[in-house]
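Here's the structure, in structure tokens; my notes come after.
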Amino acid sequence: MESSTQIADTPPPAPQPSATEQKRAARGATRPGDRIFLGLSRGSGILLLVIMAAIAVFLTYRAYLAISEDHTNFLTTFEWNTNIHPASFGIAVLAYGTVISSIIAMVIAVPIAVAIALFLTHYAPRRLAGPIAYVIDLLAAVPSIVYGLWGALILVPHMNGLFGWLNDYFSWTGLFSWEEGAPRSMLTVGILLAIMILPVITNVSREVFRQAPQMIEEAALALGATRWEVIRMAVLPFGRSGVISASMLGLGRALGETMAVATVLSPDFLIHASLLNPGGGTFAQNIASKFGEADEFGRDALIASGLVLFVITLLVNGAARMIIARRKEYSGANA
């Protein structure tokens, strides 16, 4: 009887607050420091969007001023002369040179960078991996003008042997035919850009591979997998989105590189089928070389070409984000 009386006297459990009420209570209990940090981080994100929008508006307006007065096709004209009337300027050669040199740089740099990152994280002993990683960090800090001077004084004079070999064995492709000119071509620019973006891709990929789940690697080794099989089945799938992000960072630098390209390349406004023949141009190199002597209309024309580079960069990064989103099952958050 006593037990039944105690049960009867026990008050009913209090009703649990709803999810909305819990969120409001948590929000009200947030400390002032948390609220300040939330406001600062949110404001930083909004400020970034405002800056991007302001850049886009500025480029679009100045580009419109130039294109509206241009009597030639801005997309297909193989000339850049804003000192005549009517002016004649176009981005065909610049777009081709920018894309081709960046593709060459990515084809060379990405496999080497991924291989170096895997070596440092899964093969090299710690006493060797540390100094190599330190040297790679130093390479990332070298200014682009120093790379340009090294490319002009060291790289270009030593490219004749490679160009001759490519011409002897692969001239039938049309891409590697050489007319014995100075090796200041798109291939030279692509090799120089590959050296410049290599540290960026290597450092990011190395940090991503370091975060691969140790338990999965140890389980694979316990089942008899070789070290390469562990890398192929566990490390590379885990780090795929990170490698893509690292590659996009490197591609962004390759697309917008200015002084190194201007120092090494012999610019002209022709599209050369061969990657070995001197000539060509890029958006950044053309802006850097012509901006100082351009008048008001000439600057608007150069800004119009900068708008095209801006759009190309946005499209490339958007495509990279889509690829990463499709492979989010490999991200570290789900490991």
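The set of residues from the stretch 221-238 being in contact (Cβ under 8 Å) with a residue 60 or more places away in the chain and closer than 12 Å to Arg210 by Cα comprises Ile231, Val235, Phe238.
Within the stretch 292-328, the residues that satisfy the criterion of being of a type in the set (D, E, K, R), closer than 13 Å to Thr82 by Cβ and assigned to a loop (DSSP other than H, G, I, E, B) are Glu293, Asp295. In the set (1) surrounded by fewer than 23 Cβ atoms within 10 Å (Cβ to Cβ); (2) of a type in the set (Gly, Ala, Ser); (3) not in a loop (DSSP other than H, G, I, E, B), Gly181 fails one condition alone, (3). Of the set (1) touching a residue at least 24 places away in the same chain (Cβ under 8 Å); (2) charged (D, E, K, R); (3) part of a helix (DSSP H, G or I), all apply to Glu218 but (1).
Please go through the stretch 235-285 and give me each residue that is polar (S, T, N, Q) and not in a helix (DSSP H, G or I), ordered by number. Show your work before the answer.
Pass one, the stretch 235-285, residues polar (S, T, N, Q): 241, 245, 247, 258, 263, 266, 274, 277, 282, 285.
Of everything in the stretch 235-285, those that are polar (S, T, N, Q) and not in a helix (DSSP H, G or I) turn out to be Thr258, Ser266, Ser274, Asn277, Thr282.
Scanning the stretch 44-98 for residues that are within 15 Å of Pro267 (Cα to Cα) and in a helix (DSSP H, G or I) yields Ala92, Val93, Leu94, Ala95, Tyr96, Gly97, Thr98. Inside the stretch 124-177, can you point out the residues that are surrounded by fewer than 12 Cβ atoms within 10 Å (Cβ to Cβ) and among the aromatic types (Phe, Trp, Tyr)? If the condition is that a residue be surrounded by fewer than 12 Cβ atoms within 10 Å (Cβ to Cβ) and among the aromatic types (Phe, Trp, Tyr), then Tyr134, Tyr169, Trp172 are the ones that fit.
Selection of the stretch 240-270 for residues being under 16 Å from Met106 (Cα atoms) and in contact with a strand residue (DSSP E or B) (Cβ under 7 Å, 6 or more places away or on another chain) yields an empty set.
Here Phe209 fits the description: surrounded by 14 or more Cβ atoms within 10 Å (Cβ to Cβ), touching a His at 6+ places or on another chain (Cβ under 8 Å) and more than 22 Å from Ala105 (Cα to Cα).
Among the residues of the stretch 171-192, those that are of a type outside the set (Gly, Ala, Ser) and more than 21 Å from Val99 (Cβ to Cβ) comprise Trp172, Trp178, Glu179, Glu180. Residues of the stretch 77-100 that are more than 18 Å from Ser289 (Cα to Cα) and in contact with a helix residue (DSSP H, G or I) (Cβ under 6 Å, 6 or more places away or on another chain): Ile100 alone. Between Ala222, Ala254, Ala246, the distinction of being more than 30 Å from Ser305 (Cα to Cα) and of a type outside the set (Lys, Arg) belongs to Ala222 only. Determine whether Ser18 is under 30 Å from Thr313 (Cα atoms), modelled with pLDDT of 60 or more, of a type in the set (S, T, N, Q) and surrounded by fewer than 11 Cβ atoms within 10 Å (Cβ to Cβ). No, not satisfied. Quick check on Ile91: is it surrounded by fewer than 21 Cβ atoms within 10 Å (Cβ to Cβ), in contact (Cβ under 8 Å) with a residue 60 or more places away in the chain and among the β-branched types (Val, Ile, Thr)? No: the conditions fail for Ile91. May I ask you to list the residues in the stretch 116-148 that are within 21 Å of Gly256 (Cβ to Cβ), in a helix (DSSP H, G or I) and out of contact with any Pro (no Cβ under 9 Å at 6 or more places or on another chain)? Once the filter is applied, which keeps residues that are within 21 Å of Gly256 (Cβ to Cβ), in a helix (DSSP H, G or I) and out of contact with any Pro (no Cβ under 9 Å at 6 or more places or on another chain), the stretch 116-148 yields Ser144, Ile145, Val146, Tyr147, Gly148. If I filter the stretch 109-119 down to residues being farther than 14 Å from Met248 by Cα and in contact (Cβ under 8 Å) with a residue 24 or more places away in the chain, which single residue comes out as surrounded by the most Cβ atoms within 10 Å (Cβ to Cβ)? Looking at residues that are farther than 14 Å from Met248 by Cα and in contact (Cβ under 8 Å) with a residue 24 or more places away in the chain, I get Ala117. Of all residues in the stretch 49-69, those that are surrounded by 10 or more Cβ atoms within 10 Å (Cβ to Cβ) have Cβ atoms under 9 Å from Cβ atoms of residues that are of a type in the set (Phe, Trp, Tyr) and in a helix (DSSP H, G or I), 6 or more apart or on another chain, in Ile55/Phe310; Ala56/Phe310; Leu59/Phe310; Leu65/Phe297; Ala66/Phe297; Glu69/Phe297.
The values are calculated or read from the model by the stated rules, or taken from the named source; none is laboratory data. The structure displayed is predicted, hence computed values, not measured ones. When we count neighbours, we look across all protein chains shown, and the Cβ atoms used for this are built from the backbone with ideal geometry, even at glycine.
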